[in-house]
Amino acid sequence: MNYTFHWLPAFRALPDMLWGALVTLEVAVLSMLLGVFFAVLLAVASGSNYRVLRGAAASWIELARNTPALFQIYMAYFGLGSLGIHLDSFPALLAGITFNNAGYLAETFRGGLRAVPPTQLRAARSLGMGQIQAFRLIVLPQMFRVVFYPLTNQMVWAILMTSLGVIVGLNNDLTGVTQELNVRSFRTFEYFALAAVIYYLLAKLVTLSARLLAWRLFRY
Amino acid sequence: MFSSVSAFFAPLFETSFSLNDLMFMLKGAGITLALTFWAVLGGTLLGVVFGVIRAISPWWVNLPIGIVLDIFRSIPLLIQLVLANSFKTIIGVRWDSFTIGCIVLALYCCSYCTEIVRSGFLAVPATTRRAARSLGMSWTQDLTAIVFPIALRVGLPSWIGLTLGVMKDTAMVWWIGVVELLRSSQVIVTRIQEPLFVLSIAGLIYFLMSFPIARLGARLEKRWREND
């Protein structure tokens with residue numbers, strides 16, 4: 001082994017990489033917010049009486065769950081170009097991850113809705129609550145408790161998935177910045193090891209804050 | 001022969017995608033499946049070992065294993081692949097990128113499989129195991145005849161999900177230079193410039209490889225839950 005590690009340039013690039021980590025978080029958070037929005041629509045649609053809606057929701061969910069995330073990002077970046085929709089790498093990455101998140105979260109929400117016994121809703125109604133009131137005060141909090149843990153898991157996955165942006169040319173997220181630095185200096189191992197540490201800390205930050213939040217929210 | 005067949009079909013579809021291209025993509029799909037096979041095989045064997053160790057060992061063995069395996073789940077696979085690939089160059093081993101891809105994916109698979117095995121193991125009620133022991137079974141007999149069958153039922157649906165997850169994650173391996181399904185579709189896209197069509201075919205192949213097995217897993221899960 002005749003390789004000498006040069007950690008100094010990597011540490012000097014740390015501020016740049018931390019700015020990149022901010023972009024990574026931004027993509028992840030945005031994709032989760034949009035993903036939750038679409039997932040709720042999908043969960044509602046897949047329980048609807050209209051076959052077209054059910055079919056559309058089912059195809060979105062099955063496509064998102066049965067093809068690689070990278071494929072979905074490619075579709076948004078290269079595929080949509082054929083239809084005349086030219087997305088930049090940032091929106092393409094966001095669209096790909098959102099599509100993926102929505103598919104996985106829709107299943108989670110469906111399970112969450114099923115986990116709340118229908119008797120709860122009926123009991124709330126017979127206590128004089130309105131339909132919306134009962135849903136908001138009785139069903140939603142119980143559902144949230146069930147889906148909270150899968151939701152944080154999906155958030156961690158969203159962070160890890162953002163690293164795929166570099167493949168469609170994103171150069172300002174954590175992996176993108178790291179790759180730019182790498183191309184300039186070829187200190188691949190050092191730069192990417194540092195990026196790995198930052199990703200690990202990001203993932204742990206999410207899990208830890210979720211645990212704190214759960215402890216505040218879900219105690220009786 | 002292929003070219004004549006595609007020349008026949010080309011006016012039908014108005015595409016320059018030929019049967020040769022399809023063959024090239026199917027070969028890529030073969031590489032995807034081979035990667036999945038080796039990664040899942042290695043990952044599962046390691047996962048069973050670590051899972052059982054985690055389930056029966058005291059906390060000072062359990063905790064370090066848990067922390068190390070958690071690292072593989074908290075770092076993007078792409079970064080892990082790049083790191084492994086450059087580490088290979090640093091220590092001067094001459095493995096090809098297919099092997100590196102298999103190893104990284106196997107470790108990734110192992111980190112998830114360990115948790116599946118562990119939770120399956122711990123799902124077996126202590127009373128059931130005590131009953132087995134008081135019937136005169138030895139510790140090993142209890143493990144092989146009581147714990148494993150029950151844990152298998154608990155863990156198999158998630159294991160199927162994991163296998164499909166690994167299959168989808170093999171798409172990232174092209175970054176270190178393995179021409180698998182997604183990469184082969186990229187090669188063709190670069191040549192014939194029909195990204196939507198070619199990518200759709202790639203997506204269809206992924207879907208066909210994943211969907212039936214995903215359905216099987218969902219059905220097993222449902223059926224076994226009814227029997228509980």
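Only the coordinates and a few stated rules stand behind these numbers; no lab work does. Here the structure is a predicted model, which is why all the values come from computation and not from measurement. Every residue, glycine as well, gets a Cβ built from its backbone with ideal geometry; the counts of neighbours run over all protein chains shown.
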> Rule-of-thumb check for the protein assembly as shown: C-alpha Rg over 2.2 N^0.38 Å?
Replying inline: 1.07
>> Can you compute the charge dipole magnitude of the range A:7-217 about its Cα centre, using +1 on each Lys and Arg Cβ and -1 on each Asp and Glu Cβ, nothing else charged? Give it in debye, rounded to the nearest 20.
In response: 960
> Got a sec to turn the phi values of the range B:141-158 into Karplus ³J(HN,Hα) couplings, 6.51 cos²θ - 1.76 cosθ + 1.60 with θ = phi - 60°, whole Hz, x for Gly and Pro?
Replying inline: 4, 4, 5, 7, 9, 10, 5, 4, x, 5, 5, 4, 4, 5, x, 4, x, 5
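Give the whole-number value, in cubic angstrom per residue, of the convex hull volume spanned by the C-alpha atoms of chain B. Display every interim value, and only then the final one.
Values: hull volume 38.4 nm³, N = 228.
Looking at chain B, the number lands at 168 Å³ per residue.
Which value, in debye to the nearest 20, gives the size of the charge dipole of the range B:29-179 about its Cα centre, when Lys and Arg are +1 and Asp and Glu are -1 at the Cβ?
The dipole magnitude comes to about 300 debye.
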> Residue-wise, which Karplus ³J(HN,Hα) couplings in Hz belong to the range B:44-61, taking 6.51 cos²θ - 1.76 cosθ + 1.60, θ = phi - 60°, and x for glycine or proline?
Replying inline: 6, 4, 4, x, 5, 4, 5, x, 5, 4, 5, 6, 10, 8, x, 4, 6, 8
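Lysine pairs in the protein assembly as shown with Cα distance under 30 Å, only those 8 or more apart or on different chains: how many are there? Before the final figure, lay out the partial values.
On the way: A:Lys204/B:Lys88; A:Lys204/B:Lys168; B:Lys27/B:Lys88; B:Lys27/B:Lys168; B:Lys88/B:Lys168; B:Lys168/B:Lys222.
Final tally of qualifying lysine pairs is 6.
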> How much net charge surrounds A:Leu164 when only other residues with a Cβ under 11 Å from its Cβ are counted (Lys, Arg +1; Asp, Glu -1)?
Replying inline: -2
> Looking only at Cα atoms, what is the convex hull volume of chain A per residue, in Å³?
Replying inline: 159
> Per-residue mean of other chain beta-carbon atoms within 10 angstrom of the beta-carbon, peptide A:77-86?
Replying inline: 3
> Cα centroids of the range A:192-220 and the range B:48-91: how far apart, whole angstrom?
Replying inline: 18
> Arranged by the count of other C-beta atoms within 10 angstrom, fewest first, what order do B:Ile103, B:Ile188 take?
Replying inline: B:Ile103, B:Ile188
> What number, in percent, do you get for the relative contact order of chain A if the mean sequence gap of Cα pairs under 8 Å and at least 6 apart is divided by its residue count?
Replying inline: 28
> Kyte-Doolittle mean at least -1.0 and Cα extent at least 30 Å along the axis: which DSSP H helices of chain A qualify?
Replying inline: A:14-45, A:89-115, A:188-217
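With an 8 Å cut-off on Cα pairs and a minimum separation of 6 or more residues, tell me the relative contact order of chain B in percent.
Values: 233 pairs, mean separation 64.0, N = 228.
Relative contact order here is 28 percent.
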>> From the convex hull of the Cα coordinates of the range A:89-184, what is the mean projected area in square nanometres?
In response: 7.2
> For the modelled label position 7 Å from the Cα of A:Lys204 along Cα-to-Cβ, which residues of the range B:52-71 have backbone nitrogen atoms closer than 13 Å?
Replying inline: B:67-71
> Got a sec? How would B:Ser210, B:Ser134, A:Ser59 order by Cβ neighbour count within 10 Å, fewest to most?
Replying inline: B:Ser134, A:Ser59, B:Ser210
> Cα centroid distance between the range B:138-212 and the range A:120-170, in Å?
Replying inline: 27
>> Name the residue from B:Val82, B:Cys109, B:Leu196 whose Cα lies farthest towards the positive end of the charge dipole of chain B, charges +1 on Cβ of Lys and Arg and -1 on Cβ of Asp and Glu.
In response: B:Cys109
> Under the Karplus relation 6.51 cos²θ - 1.76 cosθ + 1.60, θ = phi - 60°, what is the ordered set of whole-Hz ³J(HN,Hα) values for the range B:63-68, x standing for Gly and Pro?
Replying inline: 4, x, 4, x, 5, 4
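Please give the average number of partner chain Cβ atoms lying within 10 Å of the Cβ of each residue in A:134-143, rounded to a whole number. Numbers along the way, then the final one.
On the way: counts 0, 0, 0, 0, 0, 0, 0, 0, 0, 0.
The shielding value for this peptide is 0.
Calculated from DSSP H runs of 4 or more alone, at -39500 (n - 2.57) each and per residue, what is the 222 nm mean residue ellipticity of chain A, nearest 500?
Working: 10 runs with 164 residues, N = 220.
Rounded to the nearest 500, the figure is -25000 deg cm²/dmol.
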